[in-house]
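Peer 1: Sharing a structure below in structure tokens format, with a few things to ask.
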Amino acid sequence: MIQSDRMIKTFVELVQIDSLSREEGEVAERLVRELKSLEADVRVDDAGTQVGGNTGNIIAAFPGTKAGEPVLLSAHMDTVVPGRGIKPIREADRIRTDGTTILGGDDKSGIAIILEVLTVLKERKIPHPPVEVVFTICEEAGLIGAKHLEIGSLQSRHGLVLDSCPADSLFTRGPAADKLEFTVHGSAAHAGVCPEEGISAIQVAAEAIAHMRLGRIDAETTANLGLIEGGSAVNIVPDRVVVQGEARSHDEVRLAAQSSHMADCFREAAKTHRIMKNGREIHATVDVKITRDYPRMNLGEDAPVVKWVLAAAKKMGVQIACRKTGGGCDANILNGHGLNVANLGTGMREIHTVNEYLLLGEFNQTARVVLEMLRTV
């Protein structure tokens, strides 16, 4: 019943509408028109105003034609750079980028699947429970559209985000993450005339990083430092440097331990750097800022949406397995608000690169699974 050619056409049209984070307005206008044509109750929240974008999250409600729990379907509208002027190329089994931009399958493949499933439900008059649709902004900018979503307006407690790669994967576990920012304060001095009168904030940071556990910490935990900024000139002992990073873990105790370890490395390094200047002691200091970026996703196989997806896949004769991921997505935010939301793959590959492509067989399979799920819930 899924019309693959129509769904592909929708996808190709969507990826050619530029929609970088905070610039999703044009694609949002298209989606609002589509959803209204399907007789949904549609509104746009004020998340765009809160995050400095040109549109908010789209929230749409489709009344059920049979009794049942409301089901949430969600995908995000924004794409990463380079994402302007996308020129999709159709091949036998895939749609790919032309090599100059990303494709935008992340996550317009999820949007196209949702639109096709809703269209089939309506045109075939297939009985289905109430369906709520959320298309978010700024997922790629840190899940901030979902963070500003009016969660209280949703009736659904269970649902799917369509925003991952293999169609045979239902991601039910994802890590919690902390944002980390360390600001090291040293003391400026002329690097050639009197370097001994300065404390190099960069040197303090380097010593801290040298003693830090980074990368793959254990089977549940990762950590990374990704941004360093500091100094003002090569002939000045730098008095300030800012280091930003993250820690992630499926285990919140281990996450807290890793974040604390990273902070302690900076504090210990700062303690060892002190000088006497004009009769008083000056020492390095560090400001530590640890912020929970998003909560973990941790659904058991007994969660309703997991059972719905696996039952639909079994009925169709396709294999879908529950898996864990090291990445975060809007599902983490939704689960943090008490919903039970898993992340189903759409067939995208090599996302966030100019080699991105979408496997059409998997794209079609996910649409069929979602449709069957709504038929049988």
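Peer 1: Among strands (runs of 3 or more DSSP E) lying entirely in region 155-263, which contain 2 or more residues that are on the phi < 0 side of the Ramachandran plot and open to solvent by 60 Å² or more (accessible area, probe 1.4 Å)?
Peer 2: Counting at least 2 such residues, we get 176-185, 221-230, 240-249.
Peer 1: At least 2 residues that are under 25 Å from ALA67 (Cβ atoms) in each: list the strands (runs of 3 or more DSSP E) lying fully within region 275-377 that qualify.
Peer 2: Qualifying strands (runs of 3 or more DSSP E): 340-345.
Peer 1: Condition (residue is farther than 14 Å from ILE137 by Cβ and of a type in the set (Gly, Ala, Ser)) applied to region 31-49: is it met by at least one residue?
Peer 2: Looking through region 31-49, at least one residue is farther than 14 Å from ILE137 by Cβ and of a type in the set (Gly, Ala, Ser).
Peer 1: Mind listing whichever residues of region 22-43 are open to solvent by less than 70 Å² (accessible area, probe 1.4 Å) and part of a strand (DSSP E or B)?
Peer 2: If the condition is that a residue be open to solvent by less than 70 Å² (accessible area, probe 1.4 Å) and part of a strand (DSSP E or B), then VAL42 is the only one that fits.
Peer 1: A further question on this structure: So for region 306-317 (the condition being within 30 Å of GLU181 (Cα to Cα), among the aromatic types (Phe, Trp, Tyr), touching a residue at least 40 places away in the same chain (Cβ under 8 Å) and surrounded by 15 or more Cβ atoms within 10 Å (Cβ to Cβ)), does at least one residue qualify?
Peer 2: The answer is no; no qualifying residue exists.
Peer 1: Let me ask something additional. I'm trying to understand the selection: among the residues of region 6-40, which are among the hydroxyl-bearing types (Ser, Thr, Tyr) and either within 16 Å of THR79 (Cα to Cα) or without any contact (Cβ under 8 Å) to a residue 24 or more places away in the chain (or both)?
Peer 2: The answer is SER19, SER21, SER37.
Peer 1: Is it fair to say VAL306 is over 19 Å from GLY326 (Cβ atoms) and either among the aromatic types (Phe, Trp, Tyr) or in contact with a Cys (Cβ under 8 Å, 6 or more places away or on another chain) (or both)?
Peer 2: Considered against the rule, which asks whether it is over 19 Å from GLY326 (Cβ atoms) and either among the aromatic types (Phe, Trp, Tyr) or in contact with a Cys (Cβ under 8 Å, 6 or more places away or on another chain) (or both), VAL306 comes out as yes.
Peer 1: What are the pairs with Cβ atoms under 9 angstrom where one residue, in region 271-292, is without any contact (Cβ under 8 Å) to a residue 12 or more places away in the chain and the other, located anywhere, is assigned to a strand (DSSP E or B) and open to solvent by less than 60 Å² (accessible area, probe 1.4 Å)? Sequence gap at least six, or different chains.
Peer 2: Listed by first residue and then by second, the contacts come to MET276/ILE282; GLU281/ILE275.
Peer 1: Which condition breaks for PHE266 when tested against (1) in a loop (DSSP other than H, G, I, E, B); (2) surrounded by 15 or more Cβ atoms within 10 Å (Cβ to Cβ)?
Peer 2: Against the list (1) in a loop (DSSP other than H, G, I, E, B); (2) surrounded by 15 or more Cβ atoms within 10 Å (Cβ to Cβ), PHE266 comes up short only on (1).
Peer 1: Separate question: Tell me the residue from GLU301, GLU356, GLU362 that is open to solvent by less than 40 Å² (accessible area, probe 1.4 Å) and of a type in the set (Asp, Glu), please.
Peer 2: GLU356
Peer 1: Also: Which fully enclosed strands (runs of 3 or more DSSP E) of region 49-106 have 3 or more residues being touching a helix residue (DSSP H, G or I) at 6+ places or on another chain (Cβ under 7 Å), farther than 17 Å from GLY25 by Cα and among the aromatic types (Phe, Trp, Tyr)?
Peer 2: none
Peer 1: Here's another thing I want to ask about it. Any residue in region 177-194 that is under 30 Å from LYS277 (Cβ atoms) and without any contact (Cβ under 8 Å) to a residue 12 or more places away in the chain?
Peer 2: The answer is yes; a qualifying residue exists.
Peer 1: Out of everything in region 12-21 that is among the hydrophobic types (A, V, I, L, M, F, W, C) and touching a Gly at 6+ places or on another chain (Cβ under 8 Å), what residue ends up being most open to solvent (accessible area, probe 1.4 Å)?
Peer 2: LEU20
Peer 1: Residues THR97, THR65: which one is open to solvent by 20 Å² or more (accessible area, probe 1.4 Å) and of a type in the set (Val, Ile, Thr)?
Peer 2: From the options THR97, THR65, the qualifying one is THR65.
Peer 1: Still on this structure: Please go through region 233-266 and pick out each residue that is in contact (Cβ under 8 Å) with a residue 24 or more places away in the chain and over 27 Å from THR325 (Cα atoms).
Peer 2: VAL234, ASN235, ILE236, VAL237, PRO238, ASP239, ARG240, VAL241, VAL242, CYS265, PHE266
Table: residues versus (1) in contact (Cβ under 8 Å) with a residue 12 or more places away in the chain; (2) touching an Asp or Glu at 6+ places or on another chain (Cβ under 9 Å); (3) open to solvent by 10 Å² or more (accessible area, probe 1.4 Å).
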{"site": "GLU123", "(1), (2), (3)": "no, no, yes"}
{"site": "PRO127", "(1), (2), (3)": "yes, no, yes"}
{"site": "GLU140", "(1), (2), (3)": "yes, yes, yes"}
{"site": "HIS148", "(1), (2), (3)": "yes, yes, yes"}
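The values are calculated or read from the model by the stated rules, or taken from the named source; none is laboratory data. Because the structure is a prediction, the values reported are computed rather than measured. With ideal geometry, Cβ positions are generated from the backbone for all residues, glycine too; neighbour counts draw on all protein chains shown. These area figures cover heavy atoms from the full protein model, side chains too; ligands, DNA and RNA do not enter into them. Shrake-Rupley method; radii C 1.70, N 1.55, O 1.52, S 1.80 Å.
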